[in-house]
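Notes for the one structure printed next.
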Amino acid sequence: MGFFSGLCSAVSSALAGAASSLIKMAGPLLGPVGQMIQIVSILMDVLKPGEKIEEIGAKAMQADSKKPEEFDNNAEYIEYLRSEVKLDQVKFDKAGEVEKAARTAVGASIVAKAIEEKKGFDIPMETWVAMAKLNMTDKAKEIDTLLETFKDGKLEDFAKYVDGKLDIKKEGEVGDTLVEMYKELEPNSSIEDIETKVMKMEVQEK
């Protein structure tokens with residue numbers, strides 16, 4: 001069994017749909033995607049400083065009899081995991097690579113949904129993966145600004161822009177939006193530097 005098919009099996013009984021989809025979509029970028037979701041969740045007070053999505057995922061896999069659907073929202077489910085489920089520290093510390101990645105995927109899926117609920121709009125997983133491709137792992141403010149800039153149903157366009165999958169018209173629209181965004185984010189940068197940065201965002205492996 002391959003590494004990533006093994007991962008999908010590991011999460012089969014815990015939030016299988018969302019976590020397995022994330023594993024397949026992110027592939028080797030699963031770690032960076034998890035890190036970005038974690039830093040944004042702390043910025044938005046979804047997780048507390050010091051909390052890890054891996055621990056949220058591990059607790060969710062331990063408490064498999066209780067699902068997020070049984071709670072009014074994912075924030076309540078996270079609070080349940082935080083306060084009612086004691087982490088099996090021995091198992092957590094001894095986990096192999098597949099188990100570690102599985103709990104990252106489960107935790108990231110749960111926390112990403114809580115971020116969506118707090119923001120009030122959908123954030124396709126493709127968007128997190130696209131930002132991981134751009135090495136935004138430690139740039140919480142930039143990530144948050146990007147999510148807000150493209151929130152009106154345009155986050156998928158941003159992801160397609162990164163992968164070079166837009167037509168010329170859409171590509172130009174997304175590029176212009178990114179230039180305007182970075183002009184506000186980086187007021188000391190020249191327009192030439194910003195335009196170069198935005199153009200480089202599209203040159204990615206497919």
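The values are calculated or read from the model by the stated rules, or taken from the named source; none is laboratory data. Note that the structure is predicted; figures quoted are calculated from it, not measured. Glycine also receives a Cβ, built like all others from the backbone with ideal geometry; neighbour counts cover every protein chain displayed.
Name every residue in the range 78-99 that is of a type outside the set (A, V, I, L, M) and outside any loop (DSSP other than H, G, I, E, B), in order of residue number.
Glu79, Tyr80, Arg82, Ser83, Glu84, Gln89, Lys91, Phe92, Asp93, Lys94, Glu97, Glu99
Is one or more of the residues making up the range 107-116 modelled with pLDDT of 95 or more, closer than 26 Å to Lys24 by Cα and surrounded by fewer than 19 Cβ atoms within 10 Å (Cβ to Cβ)?
Within the range 107-116, one or more residues are modelled with pLDDT of 95 or more, closer than 26 Å to Lys24 by Cα and surrounded by fewer than 19 Cβ atoms within 10 Å (Cβ to Cβ).
Got a sec? Which of Glu148, Glu180 is within 18 Å of the chain's Cα centre (by Cα), surrounded by fewer than 15 Cβ atoms within 10 Å (Cβ to Cβ) and of a type in the set (Asp, Glu)?
Glu148
Since Ser83 meets every condition but one in (1) farther than 30 Å from Asp152 by Cβ; (2) among the small types (Gly, Ala, Ser); (3) surrounded by 17 or more Cβ atoms within 10 Å (Cβ to Cβ), which condition does it not meet?
It is condition (3) that Ser83 fails.
Which one of Asp64, Asp72, Asp88 is farther than 21 Å from Glu126 by Cα and free of Cβ contacts under 8 Å to residues at least 24 places away in the same chain?
Exactly one of Asp64, Asp72, Asp88 is farther than 21 Å from Glu126 by Cα and free of Cβ contacts under 8 Å to residues at least 24 places away in the same chain, namely Asp72.
Going through the range 126-161 one residue at a time, which ones are closer than 20 Å to Met44 by Cβ and among the aromatic types (Phe, Trp, Tyr)?
Trp128, Phe150, Phe158
Just the residues that are farther than 24 Å from Gly120 by Cβ and among the aliphatic types (A, V, I, L, M), please, taken from the range 41-58.
Ala58
Which of the following residues is assigned to a helix (DSSP H, G or I) and within 14 Å of the chain's Cα centre (by Cα): Ala114, Ala75, Ala102?
When all the criteria are applied, what remains is Ala114.
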